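The values are calculated or read from the model by the stated rules, or taken from the named source; none is laboratory data. Here the structure is a predicted model, which means the values were calculated and not measured. Reconstructed Cβ throughout: ideal geometry from the backbone, glycine too, with neighbour counts over all protein chains shown.
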Ligand SMILES: [Zn+2]
């Protein structure tokens with residue numbers, strides 16, 4: 001028997017859709033966090049990410065957005081604890097919906113002018129978006145983010161290809177780390193993915209915490225960005241990409 005494909009839902013919101021009234025949907029802790037950002041752009045990305053997560057989950061669970069609750073779990077801290085070290089004190093890590101939206105999985109990412117949310121039923125997902133930025137010291141960053149295999153392939157690219165490719169690698173790797181719950185603290189070098197100009201695939205995982213199965217794809221957000229979605233399953237996956245009009249409707253609710 002073949003199982004039907006999984007259909008995680010992908011929502012993209014532009015930062016211009018961050019309306020102040022959305023902050024009514026956030027809980028105390030989320031609002032306090034938003035107030036701590038110095039820059040408007042950071043506040044907007046945070047507000048949209050939190051509000052959009054609540055609205056999408058509330059719609060699926062048939063509850064009020066304010067009734068959606070999250071428990072933060074960090075598998076990297078679980079690892080540290082097993083090794084005899086201390087967890088980070090502040091609550092952090094992957095948000096797991098609890099309460100009426102329990103059983104759903106989400107992942108959120110933002111960069112530049114975009115916020116992306118992925119919602120899936122029962123199967124862990126991870127999403128990442130990165131704005132392509134040539135201003136950073138990419139050679140230095142590559143040394144501690146790309147695995148040896150990836151770095152060799154990356155250094156073989158032309159100067160012109162390297163910048164986009166670097167962020168393509170990063171998005172694929174971070175999406176996988178987020179899906180497993182390890183997050184960036186798990187270390188980007190742990191994961192080896194296929195080169196960005198080829199189909200997205202997980203090639204190798206070292207240092208433990210590897211998923212039993214992982215499905216990976218790039219998401220298109222234009223030339224200025226690189227984005228990827230990871231779904232921890234061996235089933236076929238057909239993501240549902242919500243059009244801008246559906247995102248506008250969601251945020252108006
Ligand atoms: Zn942690």
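With respect to the conditions (1) over 19 Å from residue 131 (Cβ atoms); (2) at pLDDT 95 or above; (3) surrounded by 12 or more Cβ atoms within 10 Å (Cβ to Cβ), residue 199 falls short on a single one, namely (3). For residue 72, indicate whether it is within 16 Å of the ligand (Cβ to nearest atom) and modelled with pLDDT under 95. Against the criterion (within 16 Å of the ligand (Cβ to nearest atom) and modelled with pLDDT under 95), residue 72 qualifies.
If you go through the range 218-251 and pick out every residue that is touching a helix residue (DSSP H, G or I) at 6+ places or on another chain (Cβ under 9 Å) and not in a helix (DSSP H, G or I), you end up with 12.
At pLDDT 90 or above, touching a helix residue (DSSP H, G or I) at 6+ places or on another chain (Cβ under 6 Å), away from the ligand (no atom under 16 Å from the Cβ) and within 21 Å of residue 225 (Cα to Cα), is that true of residue 117? When the stated conditions are applied, residue 117 passes them. Entry remark, the range 147-164: residues being farther than 16 Å from residue 216 by Cβ, in contact with a strand residue (DSSP E or B) (Cβ under 9 Å, 6 or more places away or on another chain) and surrounded by 17 or more Cβ atoms within 10 Å (Cβ to Cβ) number 1 in total. Within the range 139-160, being more than 30 Å from residue 95 (Cα to Cα) and in a helix (DSSP H, G or I) holds for 139, 140, 148, 149, 151, 152, 153, 154, 155, 159, 160. For the range 66-81, a residue qualifies if it is surrounded by 13 or more Cβ atoms within 10 Å (Cβ to Cβ) and over 21 Å from the mean Cα position of the chain (by Cα), and the qualifying residues are 67, 80.
Checking 67, 86 one by one, the residue that is in contact with a helix residue (DSSP H, G or I) (Cβ under 8 Å, 6 or more places away or on another chain) and either away from the ligand (no atom under 16 Å from the Cβ) or closer than 20 Å to residue 14 by Cβ (or both) is 67 and no other. Evaluate the range 176-194: report whether one residue or more is under 22 Å from residue 223 (Cβ atoms), surrounded by 20 or more Cβ atoms within 10 Å (Cβ to Cβ) and out of contact with any strand residue (DSSP E or B) (no Cβ under 8 Å at 6 or more places or on another chain). Looking for residues that are under 22 Å from residue 223 (Cβ atoms), surrounded by 20 or more Cβ atoms within 10 Å (Cβ to Cβ) and out of contact with any strand residue (DSSP E or B) (no Cβ under 8 Å at 6 or more places or on another chain), one finds none in the range 176-194, hence no.
Residue 208 meets the conditions (1) away from the ligand (no atom under 16 Å from the Cβ); (2) farther than 30 Å from residue 66 by Cβ in every case but one. The failed one is (1).
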